[in-house]
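Novice: What follows is a structure written as C-alpha cells; I'll ask about it next.
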Amino acid sequence: MPSIIEELIIVVAVVVIGLGLFVYMIYYFLPTEALSIAEQQANLVSSSSTISVGPLFISNGGSGSAVIEFYNPSMSGSVAILAFVAPSSLEPSVGIIAPTSTPTFTVYLPNGNKATSVEITSPIYQINGKVIYSSPVTVYVVPMNTPVTVNIQGISSNSDILVIWVLYNYGGYWFRVGYSFTGVPSTT
C-alpha cells in the first residue's frame with residue numbers, strides 16, 4: 001500500500017513533467033509553428049506577384065530615383081520597400097546581397113505624399129525561412145498594385161545600381177517576398 005509521501009512524489013513528478021512540456025510548447029513549438037505558417041503565407045504572396053522597376057535616373061549630387069510597383073492581382077494590402085545602392089559589379093549576385101550600411105532613401109506615393117516609414121528591428125527572412133538581414137532598418141509601407149517613387153542618396157553616376165527589396169509582414173515576421181534592381185543610372 002503506497003504511502004502518502006510516495007503519492008505526493010508521483011503527483012509532483014507528473015506536475016513537473018506537465019509544466020516542462022507546457023514550457024517547451026510555449027517557447028519552442030509555438031514560435032516554430034508560427035514561423036512556418038508565416039513562411040507559407042510569404043511563399044504564396046511571392047509566387048503570385050511581380051515587381052516592375054523603371055530606370056534609375058540620377059541628378060547632380062548623387063541622388064537618384066526610380067518608379068517601382070509590386071503587383072499581385074489577387075491581393076490587396078500593403079508591403080514595405082527597402083532600397084539600397086550596390087556596385088554594378090554585384091549585379092549577378094543581387095539576390096544574395098544585403099545592405100552593408102544604413103540605406104538613405106524615401107518612398108513617395110502617386111499623390112506626392114511620403115509613404116509611412118516603419119523601423120524593423122527583428123530579422124528579415126527569405127521565403128525559405130533563412131535570415132537574410134538582421135540589423136535595424138527603416139522601410140516604407142506602400143499599397144500593393146500601386147506605382148511608387150523611390151528616391152535614394154549615394155548613387156555613383158556610372159557604377160551603381162539600385163536594389164529594391166519588397167518585404168511582407170505576417171504574424172510579426174518580415175519576409176523578402178521579392179527583389180529587383182535597376183541598371184546603371186541615366187543622367188537627367
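The values are calculated or read from the model by the stated rules, or taken from the named source; none is laboratory data. Note that the structure is a prediction, hence the values are computed from the model and not measured. Note that we place each Cβ from the backbone using ideal geometry, even for glycine, and neighbour counts take in every protein chain shown.
Novice: Pick from segment 115-124 the residues that are of a type outside the set (Val, Ile, Thr) and closer than 12 Å to VAL139 by Cα: which of them is farthest from the chain's Cα centre (by Cα)?
Specialist: Taking the candidates together, the pick is ALA115.
Novice: Can I ask one more? Please determine whether any residue of segment 166-177 is in contact (Cβ under 8 Å) with a residue 40 or more places away in the chain and part of a loop (DSSP other than H, G, I, E, B).
Specialist: Yes, some residue in segment 166-177 is in contact (Cβ under 8 Å) with a residue 40 or more places away in the chain and part of a loop (DSSP other than H, G, I, E, B).
Novice: Just checking: which of the strands (runs of 3 or more DSSP E) contained wholly in segment 61-160 hold 1 or more residues that are buried (at least 17 other Cβ atoms within 10 Å of the Cβ) and of a type in the set (Phe, Trp, Tyr)?
Specialist: 63-71, 78-87, 105-108, 131-133, 137-143
Novice: Another question about this same structure. In segment 41-62, which residues are closer than 18 Å to VAL139 by Cα and small (Gly, Ala, Ser)?
Specialist: Within segment 41-62, the first condition is being closer than 18 Å to VAL139 by Cα, and the residues that meet it are 42, 51, 53.
Answer for segment 41-62, where residues must be closer than 18 Å to VAL139 by Cα and small (Gly, Ala, Ser): just ALA42.
Novice: Follow-up. Taking PHE22, is it loosely packed, with under 11 Cβ neighbours inside 10 Å, of a type in the set (Phe, Trp, Tyr) and at pLDDT below 90?
Specialist: So PHE22 passes the test.
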